[in-house]
Amino acid sequence: MKEQKPVTVLINGKATSCKEGKNEQEASTKEIAAAVYTEDKAAWEIIEGEESGKVLDFKKVLNPVPRPSALKKLGNKRRMLLLRRKRNTTPFSKPWMTAAIAAIITGCTFGAIILMLFTGESASTEAQIVSSRQAKLNSTASAPATIASVPLNFHAVQNGLFSTEKKAEEVSSRLKEQGYAAAIYKQGANYSVLIGLGNKKEQAKSLADTYQLQGVDVWQKQLDATYSNLKITQKMDEPFIVNGKILLQNVITLSQVPELSKKAKASIKQDYEGWKEYGDKQDEKWPSKQRKAAKAYEQQISAALGKLTGTRSKEVDWQLQQAVLDSFISYTRFLDTLK
């Protein structure tokens, strides 16, 4: 018969001894109940004794050991994988990577130096080119030049065309004594007595109608006073010549306007001042004959502007028309000095 071994069980802190054979059915029932309770109800784990005869501490048996969830197990596995990987403490573990980065840095530095050198040379070359061009322009501007053409096309109102200057002067003087405007303009071998000028045909017709109402004989004609191949001491004098013509044309047009706005008066005065300023600077560089003719035209156009911008009546201002004719004659005499 099998020898029975005593088993001591700690229940509620008290050790109780029992035999395996005695009350075997009852002990089996309790162990089954404990196992069922442990696994199904509390989800606790039964700690088995390593050897027979050891006292099983039910406090340890009844300590809760929560089951890890599936996500937690997965996290632990991942963490373990991370922990198992060996961290590399060297910034660049592979020699070829270090060499590549060093080559890139060296190349960029060398390229920047070369770029700076080329940029500096390019800027220096460009500055030299600009300086050379400016010097060339200055040299060209100060060199003698020829004006191919200065077109002067007007519509004139004339009182007569005479073969002698003396006869033309007699007619001109008589008209002035009557209060009208008159000027002598030489056309080839003849002398024309002009009594009005217009840039357009309508302007000349308006003056002609006014003269006819006063009983003065008039003839309208197109007047071509164009100059060609004019010699100037400097190329930069050409704008002075051309702007002088533009001033004359503007005075002719505005002389037939009954009343000018303040803006129009200020504009033409500004044009005149800019033109005169250049003439004053170039005065000493011109030959004596040209200088005197330029000054004479400057005075005539200034007088015309004074009458143009002054107080005027709505009737034809014959003194203003006289200043317009005198300015035209003076400008042609100035151009004569450049032939």
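Here, each number is a calculation from the coordinates, and none is a lab measurement. Remember, predicted model here, so these are calculated numbers, not experimental data. We place every Cβ from the backbone using ideal geometry, glycine too, and count neighbours over all the protein chains shown.
Is the C-alpha gyration tensor of region 147-336 telling us rounded, prolate or oblate? Criteria: a/c under 1.5 is rounded; beyond that, a/b larger than b/c is prolate, otherwise oblate. Oblate, because a/c is 1.5 or more while a/b does not exceed b/c. Evaluated over region 160-240, the count of Lys pairs having alpha-carbon atoms less than 19 Å apart is 9 (only pairs 8 or more residues apart or interchain). Remark: spin-label model distance GLN234-ALA143 equals 1.6 nm, labels positioned 7 Å along the Cα→Cβ axis. In region 147-336, Cα pairs under 8 Å separated by at least six residues give a relative contact order of 26 percent.
Restricting the trypsin sites (Lys or Arg not before Pro) of region 273-329 to loop positions (DSSP other than H, G, I, E, B) with no more than 12 neighbouring Cβ atoms within 10 Å leaves LYS314.
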